[in-house]
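Just so it is clear, none of the values below were taken in a lab; they were calculated from the coordinates. Here the structure is a predicted model, which means the values were calculated and not measured. Methodologically, a virtual Cβ is constructed for each residue, glycine included, from the backbone with ideal geometry; neighbour enumeration extends over all protein chains shown.
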Amino acid sequence: MPRIVFDQVAKSYGAVEVLPPFDLALNDGEFTVLVGPSGCGKSTTLRMLAGLETLSGGEIYFDDKPISKLDPKERDLAMVFQDYALYPHMNIAKNMSFALRLARVSKPEIEEKVQRVAEMLNIAHLLDRKPAELSGGQRQRVAMGRALVRDAGTFLFDEPLSNLDAKLRGKMRAELAEMRDTIDKNMVYVTHDQVEAMTLGDRIVVMSDGLIQQQGSPEELFKSPANKFVAGFIGSPTMNFVDGELVAEQDTVWVRGDGFHLPLDAETSARVQNARDRQITLGLRPSSFTTDLTQGAPIELRIVVSEYLGAQSVLVTRCGSGEILVETQSAAPVKSGTTQTFGVLTDELMIFDKTSGLKL
Amino acid sequence: MQSANVNRLTPYLFLAPAAIIMAVALLYPIGYMIYASFLDWNPSQRIGEAEFVGLRNYINLLSDASFRESFWVTLKFAAIVVSLEMFLGVGLALLLDRNIRGMSLLRTLFILPMMIAPIVVGLMWRYMYHPTVGIFNRTLKSMGLDPVPWLSDGNWAFASVVIADVWQWTPFIFILSLAALQSLPQSAMEASRIDGATGWQQVIYIKLPLMLPVLIVTLLLRLIDAFKVLEVILVLTNGGPGLSTEILSLRISRTASEFRELGEAAAMSNYLLILLMILTFGMFFYNKAMEVRAARLRKAAEEDL
């Protein structure tokens, strides 16, 4: 499996630059997820890697070999498309074996491979059906199977789960995660769903407006996002952002804003010491609140709505004039319209520069 | 209560004009023709005066050598022109299905012949085929070759008629094929590129099979038209020399006007109609059966998920 390197790769359509030159290296055998809102350039990046789009600049290397001039079939890839892209006129066995038949693999070998993959994906009983005769989830499996049969060095996934309903998506996501651990290949996966990115990726590349915002393990992105965009994109419910200012009192820096006054932990305090005169935005994860007031700094919130999700509830609250989402255990009863004091886990607070959005 | 009745009748009220026009303009003439085919009817008689002869016209026709010859010429003509047109039309569409400069102009040029009235096409080609002043023979002569008896030899006349028809109707297949090509699922094309298909393999394994439903309908439309072709041949050869280009519609027209046998002409038309109906219904039921099968299997798939 090759190590894939994007070197100053760029893409424009006419005068419109959708991807300014960027560098990206995907390690051998890694499951990389490109994630971002629609229009961020993630699919274009994948399609350039696949050879379905030409590059406007730069070069892609597989190990040391430049590949941007090669045909898709010469790149040793398999791809799963968002709309599955099955061949409607071929039955499932023919769909899965198309690449092998083109490559003139012997009949018994094709049959053996198709059968093995079909059994792995639980579609062996569908082999003589046509795609139109399958349900959405089954088609999705076939699309996956068609890629797996290839035994290619690199697997590309272009939002493969986005056409499924929520329940099925969850199930397929789990199966994909299982597959990831059993198949030792390069996998590049594009999605706009941060949950998919977090659960599947060894490494996540967050993109927005054609730029790579940050790349790293799911944990790194969650715990130390590079900027406000990444912080807001990763994690569900999304992070709360409130404007405020930094105030130094002895050796601790406090964040003060409309309706709150919170101390920063020593590490963050030290980091933001020099930024005290800047306008900042405070980032608070909904999970950083606790009802146990012995932990964390107190904050008073007026509860507007309580969204019951089962074991957890998400509270929509007011803090001064701003809105803040709080995640709590449903066991602790809360009444809408009341004001309640919560503890904030101060070591999870994040400070962003208000204008640049960078994390301080 | 009353308003409920009115509501129930409203759709029929709106459908009525179309239904009446259908009945008057479509069903009545066809019924008239079918009735006439059972008569020994001379155009000087009113239809009520004609003698009812049952199936005699149909039986006579079966043993009529000229009718059988016409029928054969028609089959041969339809089979040859439609095959050629399909081959050329689909081929051109595959070639021109790409975005290069000037392609839209080229496409427009390609479909011009179809827009010319058939009579004009016939006249045009008659001049071009003219033994002495026609462009073909003049060109042959200037190259020092012998002139070709385009319209005066049986085999050449048939070929000439085929060429003119192919010239006029290939564009029809071309535009329908092009439309079919451009509506093919783009991602399936991309998937086939990733799967390693070359351009030719894409055409053979993906594009043509996916175009098939449209191609079948196109084929059927062209076949029906080819069975009924009249004007171009009328102008070019008027069925000659001998019976070499006398297709069925020409024979029907001559039976009615020259031989004054309206009943027999109607019976011939019915034979043609029956042939076309068999083709059309065959295709229709095949499609229906495929759809039903697909729907049933899909339902089964949704259930056992």
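Our coupling estimate for the range A:167-184, obtained by passing each phi through the Karplus curve with A = 6.51, B = -1.76, C = 1.60 and θ = phi - 60°, is 5, 5, 4, x, 5, 5, 4, 5, 5, 4, 4, 5, 5, 4, 6, 8, 9, 9 Hz, Gly and Pro reported as x. Over all pairs of different C-alpha atoms, the range A:136-295 has a mean inverse distance whose reciprocal, the Kirkwood radius, equals 18.7 Å. Where the convex hull is taken over the Cα atoms of the range B:85-193, what is its projected area averaged over directions, in nm²? Averaging across all directions leaves 9.4 nm² for the Cα convex hull.
The average projected area of the range A:288-347, computed from the convex hull of its Cα atoms over all directions, is 3.9 nm². Ranked by the mean number of other Cβ atoms within 10 Å of their residues, highest first, the peptides B:93-105, B:210-222 come out as B:210-222, B:93-105.
What number results when the radius of gyration of the range A:1-62, computed over Cα atoms, is divided by 2.2 N^0.38 Å?
1.09
For the protein assembly as shown, the equivalent ellipsoid derived from the Cα gyration tensor has semi-axes of 73, 32, 24 Å, listed largest first. Cα centroids of the range B:1-79 and the range A:64-130: 54 Å apart. Max-minus-min Cα coordinates of the range B:13-59 on each principal axis give 43, 23, 11 Å, with the largest extent listed first.
Among the residues of B:179-192, the average count of other protein chain beta-carbon atoms within 10 Å of the residue beta-carbon is 5. Along its three principal directions, the equivalent ellipsoid of chain B from the Cα gyration tensor extends over semi-axes of 38, 36, 18 Å, largest first. Note on the protein assembly as shown: with charges restricted to the Cβ of Lys and Arg (+1) and Asp and Glu (-1), its dipole about the Cα centre is near 1980 debye.
Per the Cα gyration tensor, the range A:88-135 maps to an equivalent ellipsoid with semi-axes of 18, 13, 7 Å, ordered largest to smallest.
Using the alpha carbons of the range A:138-199, what is the convex hull volume per residue in cubic angstrom, as a whole number?
Here the figure is 82 Å³ per residue.
Roughly how far apart, in whole Å, are the Cα centres of the range A:175-211 and the range A:232-255? One Cα centre to the other: 29 Å.
Each of the peptides B:236-244, B:178-186 was scored by the mean count of other Cβ atoms within 10 Å over its residues; in descending order, highest first, they stand as B:236-244, B:178-186. The three principal axes of the Cα atoms in the range A:188-243 give end-to-end lengths of 37, 23, 18 Å, sorted in falling order.
Taking every residue in A:293-299 and counting other chain Cβ atoms within 10 Å of its Cβ, the average works out to 0. Of the chymotrypsin sites (Phe, Trp or Tyr not before Pro) found in the range B:198-305, those in coil by DSSP whose Cβ has at most 15 other Cβ atoms within 10 Å are B:F259. Taking amide H as placed 1.01 Å from N in the peptide plane, the amide H of A:I234 sits under 5 Å from none that are at least 5 places away or on another chain. Per residue, the protein assembly as shown reaches -15000 deg cm²/dmol at 222 nm when only DSSP H runs of four or more residues are counted, each adding -39500 (n - 2.57). In this entry, chain A is assigned a mean projected area of 21.9 nm², taken as a quarter of its C-alpha convex hull surface.
Please figure out what share of the DSSP beta bridges in chain A is antiparallel and state it in percent, rounded to the nearest 5.
DSSP beta bridges in chain A are roughly 75 percent antiparallel.
Among B:S160, A:S135, A:S106, a tally of other beta-carbon atoms within 10 Å of each Cβ gives an order, fewest to most, of A:S106, A:S135, B:S160. With Rh defined as the Kirkwood radius, the inverse of the mean 1/r over Cα pairs, the Rg/Rh of the range B:207-305 is 1.24.
Between the helical axis of A:92-102 and the longest alpha-carbon principal axis of chain A there is an angle of about 70 degrees.
Among A:G320, A:G283, A:G36, the largest mean-square fluctuation in a Gaussian network model of chain A (Cα springs under 10 Å) belongs to A:G320.
Averaged over the residues of peptide B:205-212, the number of Cβ atoms from other protein chains lying within 10 Å of each residue's Cβ is 3.
Volume per residue for the range A:212-360 equals 114 cubic angstrom (convex hull of Cα atoms). Helices of chain B meeting both criteria, an alpha-carbon length of 18 angstrom or more along the long axis and an average Kyte-Doolittle score not below 1.0, with helices taken as full DSSP H segments, are B:65-96, B:103-115, B:154-182, B:208-228.
For the range B:1-135, the residue among B:A4, B:I111, B:M33 whose Cα projects farthest onto the positive side of the dipole built from Cβ charges is B:I111.
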